[in-house]
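Data block below; observations after.
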Amino acid sequence: MSGYQLVEHEKPFRYDEDGLHVTRTSAWSGPGCHIGCGVLLYADDDGKLVKVEGDPENPFNKGRLCNRCLALPEVVYNPDRITTPLVRDRVRRGEDAWEQVSWAEAIDLIYERFTAIKERYGAWSIPFVQGTGRDIAPWITRLAWSFGSPNYLFFMSGMACYLPRVAGCAATTGSFWVGDFSQQFPDRYDNPAWTPPAYVMVWGNNPLVANSDGFYGHWMVDVMRRGSKLIVVDPRLTWLAYRAEHWLQIRPGTDAALALGMIDVIVKEGLFDADFVERWCYGFDELAAAAAAYPVDKASEITWIPAEKIIAAARAWATAGTGVLQWGLAVDTTKESLPAAQAIGALWQICGYCEKPGCMIVPPEILAYSGGFGRELVTEEMDARRIGLDKYALLKFGFQVASSDEVMKALETGEPYELHGAWLQTTNFLACTATDPDRTLEAWRKLDFTVVVDLFMTPTAMALADVFLPACTYAERNGIRVGDGAQRGETINKAVSVGQCKPDAQIALEMGKRFNPDAWPWNSLEDMLSHILECTGRSFEELQEIAPAYLPFEYGRHERGLLRPDGQVGFNTQTGRIELWSTFYHAAGLNPVPYFEEPAESPLSTPEQFVRYPFVLTTGARNWFMFHSEHRQVPHLRAGRPNPVVEMHPKAAAELGVHDGEWVWLENERGRCKRVVECTEGIGEHVLMADHGWWMPELPGGEEDGLYGVFELNVNKLLPSYAPGKSGFGANYKAVLCRVRKVEDGE
Ligand SMILES: Nc1nc2c(c(=O)[nH]1)N[C@H]1C(S)=C(S)[C@@H](COP(=O)(O)OP(=O)(O)OC[C@H]3O[C@@H](n4cnc5c(=O)[nH]c(N)nc54)[C@H](O)[C@@H]3O)O[C@H]1N2
Ligand SMILES: Nc1nc2c(c(=O)[nH]1)N[C@H]1C(S)=C(S)[C@@H](COP(=O)(O)OP(=O)(O)OC[C@H]3O[C@@H](n4cnc5c(=O)[nH]c(N)nc54)[C@H](O)[C@@H]3O)O[C@H]1N2
Ligand SMILES: [Mo]
């Protein structure tokens, strides 16, 4: 395994300890998590999982774990877990209509129905849909493409999670970038090449809670202990904001204006890295001109942040010498997210915080999960039918997904063609991603045949599925941790079995072999994993013993031609530079420099609405206990978050005559949802934050009974419906107007 660095293990990956059988593995979904911490699973002689511990040998998390991982046994053996395939008659849609069938029967049925749809309407009439990124993209992409459908998608309006940042970075710099927290070195903070960033700029992200996008929250505290200072851009006073040198309490949805305002300060005061800009950036003058439209007083007026705070943060950042941008979902969940990501990204680019220790780096990857597995199966003819390609030019440039918003339109209008079936795996969109759950249900229920692959019955499965296939948690399967900036080769090692549940990858392999055996030549899941790992020179079984295996890494790759496939120095863009003026956006018919657009509904764009709906509502800030719509059935986690909350300033609550713990309606012209008030001084008087993903498995699940309360509890009822940004990327999930009203008796 040339160049790979290994960690020394005291024991093999399976061993016995104190009468228990221990398996060393990676905690990569499900149940919900993106990240893949190193864990030790302990099973008893009956093959039952009894406890989970963090693996102290794993450099990624060094033995630390969050409460969701520790509660794993309550998920694995949850009485609500579905453990056999189920089918349901279309005319008997109710909760009681499910019948257990064998895997062979389920797979036969799906094969027959999907094949019939394909023959009659074309393979493209079946979209393959996943939820958030975890151990799914490689398998579902290959399944979709080997079936012949170009319509693989993450069904969220504007694909507004991660993809806008990834797409934006790839378009303007040729790569995706992460902050250097030493995660690429097995010896971590002790690696002699590494230094802590002087400043970490945490932007629209709460890493301690979210652990998202390949980033483990503890690293933030680790670098703070080693001297890193913080700038935090967040409307709420998070744990990190409280400890930051600079907390910029931004009005939700105005991030691009803040970034442009900061760029203007840095440019006018000459604080940027002139050498780096001269040598490695393209279009600096055009960027400077775009930022000049946002002098700091204007930025202050838009963002509700005092001008002197913007100036101080901009100066601190630009003069720090090293810095990383730790950005998050709030950058994506705004309609014009691409220009927002571009403006925020320019802050590290013009300061030259690039490919140096403690700066932004391109993460080495084994298999980029957004890249897909099986792209060679996508023919030109197939791709020409990908939904949204004609409308959103950016989808032409290498992002192999269909547009969620255009898929909704196809469902509703039959344009560009009718859809007839669906394969939904790892998504509960009626509770989570759909911006108008009623409208979404109406659209998807028109399909002739729908398959759902999940761990639990969900509102989405209950409303739409004809067949339910039960998937495994990570404790029950073999797999590999790939993509998402995973700088290491890591295996997922099976520890226990539950019912007839199968790994997602195994389900794809078995289904794929029926649809298109040539595209799935492997005899087992492990063979398929070994094929992917060929680049590491090890088979899956060999990697199980030695993982994690760290990919080779060095700084300054742009200076040595290591970031471009042609080996030229520079970046993998048309100009070979970081494009502050984007040739890519220009070619796609988009504005080549960043800009700010007010949310369609806001105190500034619709002041008359703001009188009637006097709060700016942001949604979905993560909490310790829940992963999106998951964990509502898990006792220890539900105890931490028994009800959906709305965070509110005590003064606002007092004015409304509501108090902590009281149920209220949040409402606007589009809809309403119920929330429990949680007063906090860490939020502005005119800003609210409401949880997302809510349903209650203990409520009746039948469609006429409200699908587990999803329509009353889902904050997405208040969001604008399927209105993405100009590029097709980005949608307003975190900035709308609303008002608050007490729930009356009987409501
Ligand atoms: N208002 C608002 N809405 C939001 C957000 C917000 O901030 N505000 N956040 C959005 C974001 S960023 C995202 S990514 C989406 C998430 O949306 P989803 O990905 O749809 O949400 P989840 O609830 O995590 O997962 C959906 C289903 O996958 C199942 N599952 C979990 N692990 C596995 C597995 O390994 N295999 C299989 N087959 N199934 C599994 C779960 O049981 C669950 O039913 O929600 C979005 N919705
Ligand atoms: N426990 C838990 N962890 C998760 C998830 C989960 O559901 N639960 N979901 C996973 C997924 S799919 C994702 S995408 C990530 C997301 O995780 P993050 O990227 O951290 O996103 P959020 O928690 O939605 O929001 C982060 C911060 O942005 C702030 N914010 C809200 N609106 C704005 C705004 O307009 N501008 C700015 N600058 N800040 C704003 C919020 O107050 C919050 O503190 O988390 C992942 N990890
Ligand atoms: Mo996400």
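Among the residues of this structure, residue 389 counts as one that is outside the structural domain of residue 193 (by TED's automatic domain parsing), away from ligand 1 (no atom under 16 Å from the Cβ) and in contact with an Asp or Glu (Cβ under 9 Å, 6 or more places away or on another chain).
When we screen 698, 704 for residues that are open to solvent by 40 Å² or more (accessible area, probe 1.4 Å), part of a loop (DSSP other than H, G, I, E, B) and either under 22 Å from residue 457 (Cα atoms) or not β-branched (Val, Ile, Thr) (or both), the only hit is 698.
Restricting attention to segment 604-623 and to residues that are outside any strand (DSSP E or B) and within 15 Å of ligand 1 (Cβ to nearest atom), the residue that is nearest to residue 637 (Cα to Cα) turns out to be 623.
Being in contact with a Cys (Cβ under 7 Å, 6 or more places away or on another chain) and aliphatic (A, V, I, L, M) narrows it down to one of 87, 52, 91, so name that one. Don't jump to the end; show me each part of the working.
Working: 87 fails: in contact with a Cys (Cβ under 7 Å, 6 or more places away or on another chain); 91 fails: in contact with a Cys (Cβ under 7 Å, 6 or more places away or on another chain).
Just one listed residue meets the conditions, 52.
Could you say whether any residue in segment 437-446 is among the aromatic types (Phe, Trp, Tyr), farther than 19 Å from residue 139 by Cβ, outside the structural domain of residue 626 (by TED's automatic domain parsing) and more than 16 Å from ligand 2 (Cβ to nearest atom)? Within segment 437-446, one or more residues are among the aromatic types (Phe, Trp, Tyr), farther than 19 Å from residue 139 by Cβ, outside the structural domain of residue 626 (by TED's automatic domain parsing) and more than 16 Å from ligand 2 (Cβ to nearest atom).
Tell me whether segment 267-289 contains one or more residues that are within 16 Å of ligand 2 (Cβ to nearest atom) and either within 28 Å of residue 681 (Cβ to Cβ) or not in a helix (DSSP H, G or I) (or both). If you could, list the steps in order and put the result at the bottom.
Applying the first criterion (within 16 Å of ligand 2 (Cβ to nearest atom)) to segment 267-289 yields none.
Checked segment 267-289: no residue is within 16 Å of ligand 2 (Cβ to nearest atom) and either within 28 Å of residue 681 (Cβ to Cβ) or not in a helix (DSSP H, G or I) (or both).
Checking the stated criteria, residue 330 turns out to be within 16 Å of ligand 2 (Cβ to nearest atom) and open to solvent by 10 Å² or more (accessible area, probe 1.4 Å). In the set 630, 608, only one residue is more than 16 Å from ligand 3 (Cβ to nearest atom) and either among the acidic types (Asp, Glu) or touching a Phe, Trp or Tyr at 6+ places or on another chain (Cβ under 8 Å) (or both); that residue is 608. In segment 200-255, counting only helices (runs of 4 or more DSSP H) that sit wholly within it, the ones holding 3 or more residues that are more than 7 Å from ligand 2 (Cβ to nearest atom) span 218-225, 239-242. Checked across segment 457-466, the condition of being under 30 Å from residue 96 (Cα atoms) and open to solvent by 20 Å² or more (accessible area, probe 1.4 Å) holds for at least one residue. Please specify each residue of segment 58-100 satisfying the condition of being in contact with a Pro (Cβ under 6 Å, 6 or more places away or on another chain) and open to solvent by less than 20 Å² (accessible area, probe 1.4 Å). The answer is 59, 75. Just give me the residues in segment 558-584 being modelled with pLDDT of 95 or more and not in a loop (DSSP other than H, G, I, E, B), in sequence order. Scanning segment 558-584 gives 558, 559, 560, 578, 579, 583. If you take the residues of segment 127-138 that are at pLDDT 95 or above and more than 10 Å from ligand 1 (Cβ to nearest atom), which of them is surrounded by the most Cβ atoms within 10 Å (Cβ to Cβ)? Top of the filtered list is 127. Exactly one residue among 742, 674, 734 is charged (D, E, K, R), open to solvent by 10 Å² or more (accessible area, probe 1.4 Å) and within 13 Å of ligand 1 (Cβ to nearest atom), and that residue is 734.
Regarding residue 240, is this residue surrounded by fewer than 20 Cβ atoms within 10 Å (Cβ to Cβ), closer than 21 Å to residue 689 by Cα and not assigned by TED's automatic domain parsing to the domain that holds residue 616?
Numbers: surrounded by fewer than 20 Cβ atoms within 10 Å (Cβ to Cβ): no; closer than 21 Å to residue 689 by Cα: yes; not assigned by TED's automatic domain parsing to the domain that holds residue 616: yes.
Considered against the rule, which asks whether it is surrounded by fewer than 20 Cβ atoms within 10 Å (Cβ to Cβ), closer than 21 Å to residue 689 by Cα and not assigned by TED's automatic domain parsing to the domain that holds residue 616, residue 240 comes out as no.
Per-residue answers, yes or no, for (1) hydroxyl-bearing (Ser, Thr, Tyr); (2) buried (at least 19 other Cβ atoms within 10 Å of the Cβ):
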position	(1), (2)
536	yes, yes
594	no, yes
604	no, no
616	no, yes
624	no, no
631	no, yes
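Quick one: which of 611, 658, 616 is within 13 Å of ligand 2 (Cβ to nearest atom) and of a type in the set (Val, Ile, Thr)?
On the way: 611 fails: within 13 Å of ligand 2 (Cβ to nearest atom); 658 fails: within 13 Å of ligand 2 (Cβ to nearest atom).
Residue meeting the stated conditions: 616.
Checked against (1) modelled with pLDDT under 95; (2) open to solvent by 30 Å² or more (accessible area, probe 1.4 Å); (3) farther than 20 Å from residue 143 by Cβ, residue 499 meets all criteria but (1).
From the list 103, 124, exactly one residue is open to solvent by less than 30 Å² (accessible area, probe 1.4 Å), aromatic (Phe, Trp, Tyr), over 22 Å from the mean Cα position of the chain (by Cα) and at pLDDT 95 or above. Which is it?
Values: 124 fails: open to solvent by less than 30 Å² (accessible area, probe 1.4 Å).
After applying the criteria, what remains is 103.
Restricting attention to segment 393-451, the residues being more than 13 Å from residue 129 (Cβ to Cβ), among the hydroxyl-bearing types (Ser, Thr, Tyr) and within 16 Å of ligand 1 (Cβ to nearest atom) number 1.
Does segment 633-655 hold any residues that are buried (at least 18 other Cβ atoms within 10 Å of the Cβ) and more than 14 Å from ligand 2 (Cβ to nearest atom), and which are they? Of everything in segment 633-655, those that are buried (at least 18 other Cβ atoms within 10 Å of the Cβ) and more than 14 Å from ligand 2 (Cβ to nearest atom) turn out to be 633, 652, 653. The number of residues in segment 190-199 being touching a strand residue (DSSP E or B) at 6+ places or on another chain (Cβ under 8 Å) and assigned to a loop (DSSP other than H, G, I, E, B) comes to 2.
Residues in segment 209-229 that are of a type in the set (A, V, I, L, M) and in contact with a helix residue (DSSP H, G or I) (Cβ under 6 Å, 6 or more places away or on another chain): 220 only. Read through the list (1) closer than 30 Å to residue 361 by Cα; (2) touching a strand residue (DSSP E or B) at 6+ places or on another chain (Cβ under 9 Å); (3) at pLDDT 95 or above; (4) assigned to a helix (DSSP H, G or I), then give the number of the only condition that residue 171 fails. The single condition residue 171 does not satisfy is (3). Of the set (1) farther than 25 Å from residue 732 by Cα; (2) open to solvent by less than 10 Å² (accessible area, probe 1.4 Å); (3) more than 15 Å from ligand 1 (Cβ to nearest atom), all apply to residue 171 but (1). Away from ligand 1 (no atom under 11 Å from the Cβ), open to solvent by 10 Å² or more (accessible area, probe 1.4 Å), part of a loop (DSSP other than H, G, I, E, B) and over 17 Å from residue 426 (Cα atoms): is that true of residue 186 in this structure? Yes.
Mind telling me which of the residues 121, 162 ends up being more than 15 Å from ligand 2 (Cβ to nearest atom) and among the hydroxyl-bearing types (Ser, Thr, Tyr)? Reasoning before the result, please.
Values: 162 fails: more than 15 Å from ligand 2 (Cβ to nearest atom).
Of the residues listed, the single one that is more than 15 Å from ligand 2 (Cβ to nearest atom) and among the hydroxyl-bearing types (Ser, Thr, Tyr) is 121.
Checking the stated criteria, residue 76 turns out to be within 16 Å of ligand 1 (Cβ to nearest atom), touching a strand residue (DSSP E or B) at 6+ places or on another chain (Cβ under 7 Å) and at pLDDT 95 or above. Taking residues in segment 616-644 that are more than 26 Å from residue 235 (Cα to Cα), and partners anywhere that are among the β-branched types (Val, Ile, Thr) and more than 10 Å from ligand 2 (Cβ to nearest atom), the pairs with Cβ atoms closer than 8 Å and at least 6 places apart or on different chains are 631/75; 634/75.
The values are calculated or read from the model by the stated rules, or taken from the named source; none is laboratory data. Here the structure is a predicted model, which means the values were calculated and not measured. Positions of Cβ are backbone-derived with ideal geometry, glycine not excepted, and every protein chain shown enters the neighbour counts. All accessible areas refer to the heavy atoms of the entire protein, side chains included, with ligands and DNA or RNA removed. Shrake-Rupley method; radii C 1.70, N 1.55, O 1.52, S 1.80 Å.
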